[in-house]
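Heads up: the structure comes next, in structure tokens.
The values are calculated or read from the model by the stated rules, or taken from the named source; none is laboratory data. Just so we're clear, the structure is a prediction, and the values are computed from it rather than from any experiment. Heads up, the Cβs are rebuilt from the backbone with ideal geometry, glycines too, and the neighbour counts pull from every protein chain shown. Ligands, DNA and RNA are stripped out before the accessible areas are found, and what is left, the full protein with its side chains, is counted by its heavy atoms. Shrake-Rupley method; radii C 1.70, N 1.55, O 1.52, S 1.80 Å.
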Amino acid sequence: MIKPILFNAEMVRAILDGRKKNTRRVIKFPRNRFTGEIPKPDDIKIYSPLVFSDKISFHVKPFYRFDMKVPYERGDFLYIRETWGISNLDYDDKITYIVYKTSENEKDGGCRIVRLPDDKFEKLYDSMAENSPQWRPSIHMPKEAARIFLRVTDVRVERLQDITDAEAEREGAQPQNPFDYDVNKWPNKEHFKEIWNSTIKKSDFECYGWEVNPWVWAYEFEECGKPEEWII
């Protein structure tokens, strides 16, 4: 299947540079049907960390069990939604000139010509007011504007802090001071910790922050071309 996935500008740059091959996404468990509380990570058990089907079973101590669908399965194609903007619109030819925040310092700002369905074009055209933001949220990027495609090669379920320094590097993390590199002082894992916490809303910090050590989907992927079955 072909599904969307969101990355911030820093991680998009890491993918474009060939540094990012993994991504971890928090598993948001439903509230306990008996207590109404969100299960604590230490109270959750799973059969196996490897994901071989589209669902995985979780156990919450002492007896609560439920199945959860895996958001991205092995073999799925993903198209990246990223922070984007509109350079120009050609109403006569119905052409949209899309720019990407990650590439704003490159020649032409990474500008691409994108042809949108009439309804999407008209909606963007109407939104181009004087107070229109320079950059638009990745979640609102039309799929027609996608420029980066990935293929999921592996899926695991694990605790966030189980990540190794080598895996943190494959997440796009780097030593904090590359000019004075000391693996004991500036490990990739520490940088990943900061990256992770920067993506968590303040209201969710007590549930999904690094120190809570939540359960996560750990995905491995490879960059690929546009899938043949990609239909807009």
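Taking the criterion of being assigned to a strand (DSSP E or B), in contact with a Ser or Thr (Cβ under 6 Å, 6 or more places away or on another chain) and farther than 30 Å from PHE34 by Cα, the residues of the stretch 56-95 that qualify are ARG81, LEU89. With respect to the conditions (1) over 30 Å from TRP135 (Cβ atoms); (2) among the acidic types (Asp, Glu); (3) under 22 Å from the mean Cα position of the chain (by Cα); (4) modelled with pLDDT of 85 or more, ASP43 falls short on a single one, namely (3). The residues of the stretch 26-84 that are charged (D, E, K, R), over 30 Å from GLU144 (Cα atoms) and in contact with an Asp or Glu (Cβ under 7 Å, 6 or more places away or on another chain), listed by number, are ARG31, LYS61.
The residues of the stretch 145-172 that are open to solvent by 20 Å² or more (accessible area, probe 1.4 Å) and over 19 Å from LEU16 (Cβ atoms), listed by number, are ASP154, ARG156, GLU158, ARG159, GLN161, ASP162, THR164, ASP165, ALA166, GLU167. Residues that are over 20 Å from the mean Cα position of the chain (by Cα), open to solvent by 40 Å² or more (accessible area, probe 1.4 Å) and not basic (Lys, Arg) within the stretch 51-86 comprise PHE52, SER53, HIS59, PRO62, PHE63, ASP67, listed in sequence order. For the stretch 122-232, the helices (runs of 4 or more DSSP H) that sit wholly inside it and include 1 or more residues that are modelled with pLDDT under 95 and closer than 20 Å to GLY75 by Cβ are 165-170.
Take the stretch 96-110 and flag every residue that is outside any helix (DSSP H, G or I) and either modelled with pLDDT of 85 or more or more than 21 Å from ALA14 (Cα to Cα) (or both). The answer is THR96, TYR97, ILE98, VAL99, TYR100.
In summary, GLY36 fulfils each of the numbered conditions (1) on the phi < 0 side of the Ramachandran plot; (2) more than 19 Å from the chain's Cα centre (by Cα); (3) not basic (Lys, Arg) with the single exception of condition (1).
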